[in-house]
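> So that we are looking at the same thing, I have put the structure below in structure tokens.
Just so you know, all these numbers are worked out from the coordinates, no wet-lab data involved. Everything numeric here is computed off the predicted structure, so don't read it as measured data. Here the Cβ is made from the backbone with ideal geometry for all residues, glycine too, and neighbour counts use every protein chain on show.
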Amino acid sequence: MPEHIPTHAAVVVIGAGQAGLAVAYHLRRRGLTPGDDLLVLDANPGAGGAWRHRWPGLTLGGTHRLHDLPGMTDTGLTFTEADPHRPARELVAEYYGAYEDHHDLRVVRPARVTAVRRDGDGYVVECAPGSPVTAVRARVVVSATGTWNRPRLPLVDGREEFSGLQITTADYTDPAPFVGLRVAVVGGGTSALTFLDEVGDVAQDLHWYTRRVPLFHDEEEELTAERGRIAVGIQDEAARAGRPLPSIVAVTGLPRSPLVRRLEGKDRLRREPMFASLDATGAVTADGEHVDLDAIIWATGFRPDLTHLQPLGVVNEVGGIVVEDGRVPDEPGLFLAGYGPQASTISSNRAARVTALTIARLLAGPQA
């Protein structure tokens, strides 16, 4: 953190996860000075972004592949050589912290941004009480707040009537609360598979519900470039139209990883179609069968955290925002990093370079 936090900056980056750090790195390479005309604000007390909130049992090897941030090898660290058995939240926090220090990004934390408002030809970024800075004025704002704070819950009749335990992926810490319980895991992503593994070892009964039949491919190489382009294209189309972002896993599927093979060995990949409704004691299937449940884990993904952008009027009635190539057309000085097609580490790294170039040209003016 800089010794003196400016109240005016050319660029404010909100969020120091993978997308925010990548943008800050490229802006620094283009001549901006962190802690002076470039200010990175992060709501967390330390480095690591959303990874620092993951459950202890999630190892690096149990995650989707993490790509290095741009310039990470300069720190002497790389995820490709990291211990796959280490808890992901510890390792990523350590690596991102070393990255921030090596590139002197001077992240200000904990600074939770509550609102971004128009201020003449720029913006004022407001922070929650107790933050190291109350407000910062900036010509350009890059929102890289991710999704971890906004779990996506499906619309299911009777969800509020269910009397058992309900948690989301963001709430999960370990399987202890589910010992001896009848548990439903809802969702078709990696998190859901992890819960099938960990909770299945202690639960009395386990059900796995998804809306779509899960798609597995034998090796990671089978995630073809064409399928990847389709997934990114679907996300990009939704972002440009301002629609809620669809699931990427529904298109790409999941690799038949050691976790998947372990679940196959435990006979836990017995997927059931999504139930029709809930009542106080369990789920009701489309055929009218009642399934008694004590707990439900909603591993149904996340929504982008856009609440701080509400004062700008760019968030529409369905909770989406029109974004073209990382930029909000109605607000030329507002950029979103890690949003939609930029959500993966490798995509956000590539997009960060373009975003930094666009911002540099914007700051330089028409003559650039």
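> Kindly express, to the nearest 10 degrees and within the range 0 to 90, the angle between helix 18-29's C-alpha long axis and the longest C-alpha principal axis of the chain.
20
> Then there is this: Helix-only estimate, please: 222 nm mean residue ellipticity of the chain, summing -39500 (n - 2.57) across DSSP H runs of length 4 or more and dividing by its residues, to the nearest 500.
-7500 deg cm²/dmol
> Something else: Tell me, what is the Rg over Rh of segment 147-196, with Rh the Kirkwood radius over Cα pairs?
Computed over Cα atoms, the ratio is 0.93.
> At what distance in angstrom do the alpha carbon centres of segment 153-211 and segment 108-152 lie from each other?
Cα centroid of segment 153-211 versus Cα centroid of segment 108-152: 34 Å apart.
> Over all directions, what mean area does the Cα convex hull of segment 1-151 project, stated in square nanometres?
Convex hull of Cα atoms, orientation-averaged projection: 9.1 nm².
> Over segment 261-340, what lengths in whole Å, largest first, do the semi-axes of the equivalent ellipsoid take, defined as the square roots of 5 times the eigenvalues of the alpha-carbon gyration tensor?
That gives 40, 18, 11 Å for the three semi-axes.
> Same structure, new question: Please check which bits of segment 179-202 a label hung off Arg303 would reach, taking the label as a point 7 Å along Cα-to-C-beta and the cut-off as backbone N under 20 Å.
It comes to 186-189, nothing else.
> Shifting gears a bit: If packing is taken as the average count of other Cβ atoms within 10 Å, what order do 188-194, 275-281 fall into, highest mean first?
Peptide ranking by packing, descending: 188-194, 275-281.
> Hey, any idea what Rg/Rh is for segment 108-184, computing Rh the Kirkwood way over Cα pairs?
1.18
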